[in-house]
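Peer 1: Sharing a structure below in structure tokens format, with a few things to ask.
The values are calculated or read from the model by the stated rules, or taken from the named source; none is laboratory data. Computed from a predicted structure; not experimentally measured. Heads up, the Cβs are rebuilt from the backbone with ideal geometry, glycines too, and the neighbour counts pull from every protein chain shown. For the accessible areas, the whole protein counts, side chains as well, though only heavy atoms, and no ligand, DNA or RNA atoms are used. Shrake-Rupley method; radii C 1.70, N 1.55, O 1.52, S 1.80 Å.
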Amino acid sequence: MPDAYTQLLNKIIEMGRLAAVDALVQWDQDTYMPDQGVSARAEMCAQVAITSHQLQTADALGELLASNSETGDPIRDTNIREAKRDYERACKLPAELVEQLSWASSLAKSAWAQARQENDFQAFAPHLEELLGLVRQKADALGYDSEPYDALVDEYEPGAKTAEIASLFGSLREELVPLVRELTQSPNQIDDEIVRRHYPEAAQEALCRHLAAAICFDFSAGRLDRSVHPFCTSMGPRDVRVTTRFDEQFFSPAIFGVLHEVGHGLYEQGLDPAHQFTPMGAATSLGIHESQSRLWENMVGRSLPFWKCHFASAQEYFPEALGSISLNDFHRAINKSAPSLIRVEADEVTYNLHIILRFEIERELVSGRLAVKDVPEAWNQKSQEILGLAPSNDSDGCLQDIHWSLAGFGYFPTYALGNLYAAQFYKQASQDLGNLDEQIARGEAQPLREWLRVNIHQHGKRFRAGELCERVTGKRLTTAPLMQYLSGKYKPLYGLA
Ligand code: ZN
């Protein structure tokens, strides 16, 4: 008879394998599945969900968890701690509530799509109301320290507290708003006409593959395919899938989208294969995941050193659009910053303001301090305060994102946390590696990839995001590195240095 830990580990691996099957089936649905496959696929996914839930809440698992206690071995203790967390969460949520949430959000998703198309918030409002009722029940079932939003954010960013996020975002807002104003008022505005020329799709794809390989994405352990919405998913460190989409009239979405998704992919490929299908072999939080994608997309991918190395290749792929363009003009064009209404099109400076707006609104919604019917007005008012512009219709305002229709309250903060972590990690990597800019300019991405692997990837879920940040950088997460990075980069770009 294997010992109690080995028995537990076997159960954990069973669940991990099933989660990987689910990921593969979903990847296929979003990439290659023929249209008529949709209803059989829905049945398959539902079956996987039911079987997963049975495994996650099985009495035998509960008994094994009860007979495993801390051992002092960090690998074992991480797996035990995380398995306990998942088991407790799964058991605390009544099956009926899980089912109600799943139904309500599938109805809300199609209602949202239509409401956005028709600019009709009132049509979506009853769905939002119902989902909020259900997520409040969910928060109550899970339990929380000071406000229900804590329980929701904990699903995506384990251990994060609403009050701490609010304090970080409060400082970020105070520091960012004046920077955005300075950039907006500069006489040296950036024209990004260069990146909005004709960029043939086949050449875009070739450049995407070239750049993905240049930043060390391992194509023998990964793939790049197409999907309507770009994403990264993983069946383990040796099978990581990223996707993109192409717009022939715009250079940026595919190129920087791929650098972003490959950043996620490098985290997945950097997890230790010895711990495949277990918490020690899984990413620690969405915020840390996003830090990896933002670091490669923005801090590396939109930097001058990176294009010092790769601009000549880009010119070869696009002789008509880029043949007579200087490196500096290209670098300015890919870094245009201006307040805009749509989050997914925002640049790296103003993006964070979109997240702060959403965080402030959904926190109030979940607590009940803001009524659903008042969302459009609150949104427009905050948008004016924070971004300096308000949408003329709800489709470009409070209806623009899918997240609420999926009951994903608590998800938005992870995007801005990712930017904050990325800047703090990048600053530390630059200190540790010495001449990072020169390495990047020579096309040597490997030292940085290795630094991330050793300091972040290989630890899996061993450390919570905040603890990981302190271990790697010696400091708690603050806004200073991101603000230094943004001011240091954008003031010169806008002739303000
Ligand atoms: Zn991402």
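Peer 1: For residues that are in a helix (DSSP H, G or I) and open to solvent by less than 20 Å² (accessible area, probe 1.4 Å), scanning just segment 280-293, find the one that is farthest from the ligand (Cβ to nearest atom).
Peer 2: In the first step, residues of segment 280-293 are kept if they are in a helix (DSSP H, G or I); the result is 280-281, 286-293.
When the remaining residues are screened for being open to solvent by less than 20 Å² (accessible area, probe 1.4 Å), the result is 280-281, 287-288, 290-293.
On the way: Met280: 23, Gly281: 20, Gly287: 11, Ile288: 11, Glu290: 5, Ser291: 10, Gln292: 9, Ser293: 4 Å.
The qualifying residue farthest from the ligand (Cβ to nearest atom) is Met280.
Peer 1: Does Tyr411 satisfy the criteria of being within 15 Å of the chain's Cα centre (by Cα), open to solvent by 10 Å² or more (accessible area, probe 1.4 Å), under 23 Å from Gln100 (Cβ atoms) and modelled with pLDDT of 95 or more? Walk me through how you get there before you give the answer.
Peer 2: Numbers: within 15 Å of the chain's Cα centre (by Cα): yes; open to solvent by 10 Å² or more (accessible area, probe 1.4 Å): yes; under 23 Å from Gln100 (Cβ atoms): yes; modelled with pLDDT of 95 or more: yes.
For Tyr411, the condition - within 15 Å of the chain's Cα centre (by Cα), open to solvent by 10 Å² or more (accessible area, probe 1.4 Å), under 23 Å from Gln100 (Cβ atoms) and modelled with pLDDT of 95 or more - is met.
Peer 1: Next up: Given the criterion among the acidic types (Asp, Glu), modelled with pLDDT of 95 or more and part of a helix (DSSP H, G or I), identify the matching residue among Glu467, Glu444.
Peer 2: Matching residue, one of Glu467, Glu444: Glu467.
Peer 1: Looking only at segment 59-102, which residues are buried (at least 16 other Cβ atoms within 10 Å of the Cβ), not polar (S, T, N, Q) and not in a helix (DSSP H, G or I)?
Peer 2: Residue satisfying the conditions is Leu93 alone.
Peer 1: What residue, among those in segment 184-203 that are of a type in the set (S, T, N, Q) and open to solvent by 50 Å² or more (accessible area, probe 1.4 Å), is farthest from Glu316 (Cα to Cα)? Spell out the reasoning first.
Peer 2: Of all residues in segment 184-203, those of a type in the set (S, T, N, Q) come to 184-186, 188-189.
Imposing the further condition that a residue be open to solvent by 50 Å² or more (accessible area, probe 1.4 Å) reduces the set to 184-185, 188-189.
Values: Thr184: 34, Gln185: 36, Asn188: 29, Gln189: 28 Å.
Among those residues, the one meeting the criterion is Gln185.
Peer 1: Could you say whether any residue in segment 209-226 is in contact with a His (Cβ under 7 Å, 6 or more places away or on another chain), under 23 Å from Asp192 (Cβ atoms) and of a type in the set (A, V, I, L, M, F, W, C)?
Peer 2: The answer is yes, given that some residue of segment 209-226 is in contact with a His (Cβ under 7 Å, 6 or more places away or on another chain), under 23 Å from Asp192 (Cβ atoms) and of a type in the set (A, V, I, L, M, F, W, C).
Peer 1: Every residue in segment 257-279 that is hydrophobic (A, V, I, L, M, F, W, C) and open to solvent by 10 Å² or more (accessible area, probe 1.4 Å), please.
Peer 2: Hits for segment 257-279 are Ala274, Phe277.
Peer 1: Thr478: within 21 Å of the chain's Cα centre (by Cα), open to solvent by 40 Å² or more (accessible area, probe 1.4 Å) and of a type in the set (Val, Ile, Thr), yes or no? Steps first, please.
Peer 2: On the way: within 21 Å of the chain's Cα centre (by Cα): yes; open to solvent by 40 Å² or more (accessible area, probe 1.4 Å): yes; of a type in the set (Val, Ile, Thr): yes.
Here the answer is yes, as Thr478 does meet what is asked.
Peer 1: Hey, another quick one. Give just the number: which of (1) within 30 Å of Asn10 (Cα to Cα); (2) more than 15 Å from the ligand (Cβ to nearest atom); (3) not aromatic (Phe, Trp, Tyr) does Gln249 not satisfy?
Peer 2: The number of the failed condition is (1).
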